[in-house]
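The values are calculated or read from the model by the stated rules, or taken from the named source; none is laboratory data. Remember, predicted model here, so these are calculated numbers, not experimental data. Note that we place each Cβ from the backbone using ideal geometry, even for glycine, and neighbour counts take in every protein chain shown. Protein only, heavy atoms only, side chains kept; ligands, DNA and RNA dropped before computing areas. Shrake-Rupley method; radii C 1.70, N 1.55, O 1.52, S 1.80 Å.
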Amino acid sequence: MSTEEQRRSALRALPSVDRLATELARATLAERRAELLAGALADDGDEADLVARALDLLRPSLRPVINATGVIVHTNLGRAPLAPAARAAVARAVGYCNLELDLETGERGSRHAHVERTLCELTGAEAAIAVNNGAGALLLAAAALAGGGGELIVSRGQLIEIGGGFRIPEVVAQAGARLVEVGTTNRTRLEDYSRAIGADTGALLRVHTSNFRALGFVEQVEVEQLCTLGPPVIDDIGSGVLVQDEDGPLVDEPSARRSVAAGAALVCFSGDKLLGGPQAGLLVGSATAVAAARSHPLARALRIDKLSLAALDATLALHRDPELARSQIPVLAMLFADAGAVDARAQLLAQRTGGRIVQTESRVGGGALPLLELSGPAVALDAGSAGPAGLARALRLGDPAVLARVHRDSVLLDPRTLSDEDVDRLAGAVRAARAACGAGG
Ligand SMILES: *Cc1c(COP(=O)(O)O)cnc(C)c1O
């Protein structure tokens, strides 16, 4: 078909005004009728509201959001934004691709092969696999090394909840392992573990206290010591720092390379926290332990999809060059952002929105680096009669949607999580939101 014919055929396929309007009206009215029958008050449903609702039905539910909260790894906003190379890799993988095909032999291949070499190179491990998310990585590790009733020995100081109800004792139970608690909430020593080791010990589990810190009279066993005891060690390091940061903002986060060097059988971490890639869970470690995880029935249930795998592969490739990683991977670029660049973006944003600059602290978020405060400027908007909650709501409901931070009487826009390209769109969104909620400005 020629382009002209295609165009004509597409024009013919357009629905009639009547059909489009009727369908939309039916859906909107049915929804409203159901609300009224369920007891909703009529005074919040004037005609204008229903027209807005009908238009809303045409918008996709999942929408891009401008993150002006300053929270870098924002779980509610999809955690890590992808690097340009990772976005391009996703676009290349959307059609057919050699996900599980060895192009050389034409035989069935393994999806894990696409990232295993780079993961091993970056962490020093013998073998690696990627699964659906960090929680899945830990579940699989526990099931592979201590499932079927084996004992999993964990310090009482590490029986933590990660968020969304993901609790270590429950994960251990779901993995089919028996939890053996040792030590106390604040102090656990090497002897506590060694005394608990017996014939049924499947593995020793260490879990990084990602989202909180215990301070004061505390003691936990380092991974190097734990690995001297004999049983395989599972080390859930959480955030996915590959190489120890010597003095930067990531200095408090354990690295995968360190745990691998210590001899941990399986090191588990997330793909979309400080690694800055897609949602994924990574398992790196010894060849035998990774083989046990790979052949466990849960591995199939937890397997990673091709789009995430493509993004992960591209993100890992950037990590090969630490300089490149810090400039190209958004999470790292924001964490290591030069204060001058953030200041300049704040100035521009203040100018374009009529806000004023205030000093604030932003957080990393996503249950990582709970003590780290990133100080810097933010732009405070005067919310006028709409009040801060009213203006914040109008910003959320705008197009593009904007997530701001409400602090006392003002709405704050934090430049740390914005790109320079966001500033223009954000200024437009602020104008529209002010008009929509009568906040003036
Ligand atoms: C975040 C985290 C997890 C869960 O990882 P997800 O990628 O969120 O599923 C597990 N363990 C630790 C220590 C974590 O910090």
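Computed with the Debye formula from one identical point scatterer per Cα of the stretch 275-365, without solvent, the log10 of I(q)/I(0) at q = 0.20, 0.22, 0.24 Å⁻¹ comes to -1.05, -1.13, -1.20.
If you model the stretch 1-127 as an ellipsoid using its alpha carbon gyration tensor, with each semi-axis the square root of five times an eigenvalue, the axes come out at 45, 28, 15 Å, biggest first. Rg over Rh for the stretch 213-276 works out to 0.98, both radii taken from alpha-carbon positions and Rh defined as the Kirkwood radius.
Taking every protein chain into account, the accessible area of the chain amounts to 50 square angstrom per residue (probe 1.4 Å). Rounded to the nearest whole Hz, the Karplus-based 3J(HN,Hα) values (6.51 cos²θ - 1.76 cosθ + 1.60, θ = phi - 60°) of the stretch 176-193 follow the sequence x, 9, 9, 6, 10, 8, 10, x, 10, 4, 9, 9, 9, 10, 4, 4, 4, 6, with x at glycine and proline. Distance between the modelled labels on ARG108 and GLU373, one decimal in nanometres: 5.6 nm (7 Å Cα→Cβ projection). Amide hydrogen proximity for ASN133: with H placed 1.01 Å from N in the peptide plane, the residues at 5 or more positions away or on another chain lying under 5 Å are GLY281. 3J(HN,Hα) along the stretch 57-68, derived from phi through the Karplus expression 6.51 cos²θ - 1.76 cosθ + 1.60 where θ = phi - 60°, amounts to 4, 7, 8, x, 6, 8, 10, x, 10, 7, 8, 9 Hz, with x in place of Gly and Pro. Counted residue by residue at 0.36 nm each, then reduced by the alpha carbon distance between them, the extension gain from ARG352 to ALA38 reaches 108.6 nm. Estimated from helices alone, the mean residue ellipticity of the chain at 222 nm is -12500 deg cm²/dmol (sum of -39500 (n - 2.57) over DSSP H runs with n ≥ 4, per residue).
Semi-axes of the equivalent ellipsoid for the chain, computed as √(5λ) from the eigenvalues of its C-alpha gyration tensor and ordered from largest down, come to 44, 29, 23 Å.
Of the solvent-accessible surface of the chain, computed with a 1.4 Å probe and all protein chains present, 53% belongs to carbon and sulfur. Amide H neighbours of VAL233 under 5 Å, at least 5 residues apart or on other chains, H built in the peptide plane: list them. Residues meeting the criterion, in which the H sits 1.01 Å from N, are LEU204, ALA265, LEU266.
Once the chain from ASP56 to THR288 is taken as fully extended at 0.36 nm per residue, the excess over their C-alpha distance is 78.2 nm. So what's the gap between the Cα centers of the stretch 268-308 and the stretch 19-38, to the nearest angstrom? Measuring centre to centre over Cα atoms gives 44 Å.
On full extension, the segment bounded by ALA261 and ALA30 gains 77.0 nm, given 0.36 nm per residue less the C-alpha separation. Comparing the stretch 356-439 with the 2.2 N^0.38 Å rule of thumb, its C-alpha radius of gyration ratio is 1.10 (two decimals).
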